[in-house]
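A.B. asks: Below are the structure tokens for one structure; questions will follow.
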Amino acid sequence: MPCCLVFAERVGNDDVATSTLELLTLARRLGEPIAVVGGDPSEKVIDRLSAYGAAAVYAYADADAADDPGAQARLLAEVARREGPCAVLIATGPEGKRLAGRLAVQLDCGIITDAVDIEPGPVAVQSVGAGAWRVRSEGLGSTVVITVRPNSTSPEIAAATPRVERIEVAAKEQDRAVRVVSRTALDGGKRPALTEASIVVSGGRGVGSAEGFGLIEQLADALGGAVGASRGATDEHWYPREYQVGQTGKTVSPQLYLAAGISGAIQHRAGMQSSRTVVAIDTDPKAPIFQAADFGVVGDLFSVIPALLEEIGKRS
């Protein structure tokens, strides 16, 4: 039976990212899922991975290398040489893409980025042209590295009893060219991380001011979602750049994307085109965002959102 490697991203010491559980779900379509953890996992992390089908868990024997991107690629490459997987799945993101590039070079194999689905083959499905088309791509070699956008699928439980192996990976000089010296978590309060949220509420120039984003935050909190912003809004310094959705910002793939006061330029749509359901609120009935929307409301967001909040309050 073929196997598929999944790079498991940890959240703190005792959990893994939701995107990792999605990757394990997708990996089961290709064969036996094997999780590779960038660090020394706790029993709780191992239990979490096994609940979603991991047949094996590989980790560092040396916990000091957990945050070293070069060592992470070296670990994945070592496991790939041992197991001979048909694919290696990594969550799309700045760090994920850097890791995927390093790994593809070390394995001398193909790489496909920003997949929104995985089919047997393995075949990577990508959403292109602002969501107008879907293309299917395959690697030419025996192994292909694929990055998958978070929230592209729903995690499905499939309990397994994994074997756990901690291995040592010999560091090389080029691994030390880049190293992580510190990390500062974004203060998003109790809201989910933007790239992992199943619901995202984004505001654009139509919000009108930094104060106007308070209404966007209220709606996001009422829905249990994250807050995003268009490039126009971040250029005006109405909301932090770290929350920008678009080609030059974050790529999101939530179950629900609500765009308020966003005209929908191609730059913005490139960052949210794979959202399952898109709802748009804008005063201009000809705004491009409506072309990408499943549901559209032509109206003033300062009238529509308060009415929506009132209705949500009645149903909660």
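A.B. asks: When Pro33 is evaluated against the numbered criteria (1) crowded, with 24+ Cβ neighbours inside 10 Å; (2) under 20 Å from Arg82 (Cβ atoms); (3) out of contact with any helix residue (DSSP H, G or I) (no Cβ under 6 Å at 6 or more places or on another chain), which criterion, by number, is the only one it fails?
C.D. replies: (3)
A.B. asks: Further question on the same structure: Return the pairs, sorted by first residue and then second, in which the second residue is crowded, with 18+ Cβ neighbours inside 10 Å and assigned to a helix (DSSP H, G or I), the first residue lies in the stretch 284-297 and is touching a residue at least 40 places away in the same chain (Cβ under 8 Å), the beta carbons are less than 9 Å apart, and the residues are 6+ apart or on different chains.
C.D. replies: Partner pairs satisfying both residue conditions: Ala292/Arg269.
A.B. asks: I've got another one for you. State yes or no: is Gln267 surrounded by fewer than 24 Cβ atoms within 10 Å (Cβ to Cβ) and in a loop (DSSP other than H, G, I, E, B)?
C.D. replies: No, not satisfied.
A.B. asks: Could you tell me whether any residue of the stretch 27-49 is closer than 21 Å to Ala159 by Cβ, among the polar types (S, T, N, Q) and at pLDDT below 95? Walk me through how you get there before you give the answer.
C.D. replies: Pass one, the stretch 27-49, residues closer than 21 Å to Ala159 by Cβ: 27-37, 41-49.
Next cut, among the polar types (S, T, N, Q) only: 42.
From what is left, the residues that are at pLDDT below 95 are 42.
Taking every residue of the stretch 27-49 in turn, at least one turns out to be closer than 21 Å to Ala159 by Cβ, among the polar types (S, T, N, Q) and at pLDDT below 95.
A.B. asks: Filter the stretch 188-205 for residues that are surrounded by fewer than 23 Cβ atoms within 10 Å (Cβ to Cβ) and at negative phi and give the result.
C.D. replies: Gly188, Lys190, Arg191, Pro192, Ala193, Glu196, Ser198, Ile199, Arg205
A.B. asks: Check Gln244, Gln267, Gln255 and return the single one that is polar (S, T, N, Q) and either within 19 Å of Asp294 (Cβ to Cβ) or touching a residue at least 40 places away in the same chain (Cβ under 8 Å) (or both).
C.D. replies: Matching residue, one of Gln244, Gln267, Gln255: Gln255.
A.B. asks: May I ask you to list the residues in the stretch 224-246 that are surrounded by fewer than 19 Cβ atoms within 10 Å (Cβ to Cβ) and either under 27 Å from Glu311 (Cα atoms) or outside the structural domain of Ser275 (by TED's automatic domain parsing) (or both)?
C.D. replies: Correct list: Gly224 only.
Residue-by-condition table, conditions (1) surrounded by 19 or more Cβ atoms within 10 Å (Cβ to Cβ); (2) within 13 Å of Val6 (Cα to Cα); (3) not β-branched (Val, Ile, Thr):
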| site | (1), (2), (3) |
| --- | --- |
| Pro94 | no, no, yes |
| Arg98 | no, no, yes |
| Leu103 | yes, yes, yes |
| Ala115 | yes, no, yes |
| Ser127 | yes, no, yes |
| Pro162 | no, no, yes |
| Ile167 | no, no, no |
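A.B. asks: Report, by residue number, each residue of the stretch 202-217 that is out of contact with any strand residue (DSSP E or B) (no Cβ under 9 Å at 6 or more places or on another chain) and either of a type in the set (D, E, K, R) or over 19 Å from Arg231 (Cβ atoms) (or both). Full working, then the answer.
C.D. replies: Filtering the stretch 202-217 down to residues out of contact with any strand residue (DSSP E or B) (no Cβ under 9 Å at 6 or more places or on another chain) leaves 205, 208-211, 214.
Arg205, Glu211, Gly214, listed by residue number.
A.B. asks: When you check Arg82 against the structure, is it more than 18 Å from Pro162 (Cβ to Cβ), of a type outside the set (Phe, Trp, Tyr) and either assigned by TED's automatic domain parsing to the domain that holds Asp117 or in contact with a strand residue (DSSP E or B) (Cβ under 8 Å, 6 or more places away or on another chain) (or both), yes or no?
C.D. replies: Judged against the criteria, Arg82 is not a match.
A.B. asks: Is it the case, given these coordinates, that Glu165 is assigned by TED's automatic domain parsing to the domain that holds Ala8 and either of a type in the set (Lys, Arg) or not in a strand (DSSP E or B) (or both)?
C.D. replies: no
A.B. asks: Residue under question is Gly110, and the condition is that it be free of Cβ contacts under 8 Å to residues at least 24 places away in the same chain and under 14 Å from Val145 (Cα atoms); does it hold?
C.D. replies: no
The values are calculated or read from the model by the stated rules, or taken from the named source; none is laboratory data. Only a predicted model underlies this, so the values are computations on that prediction, with no experimental measurement involved. We place every Cβ from the backbone using ideal geometry, glycine too, and count neighbours over all the protein chains shown.
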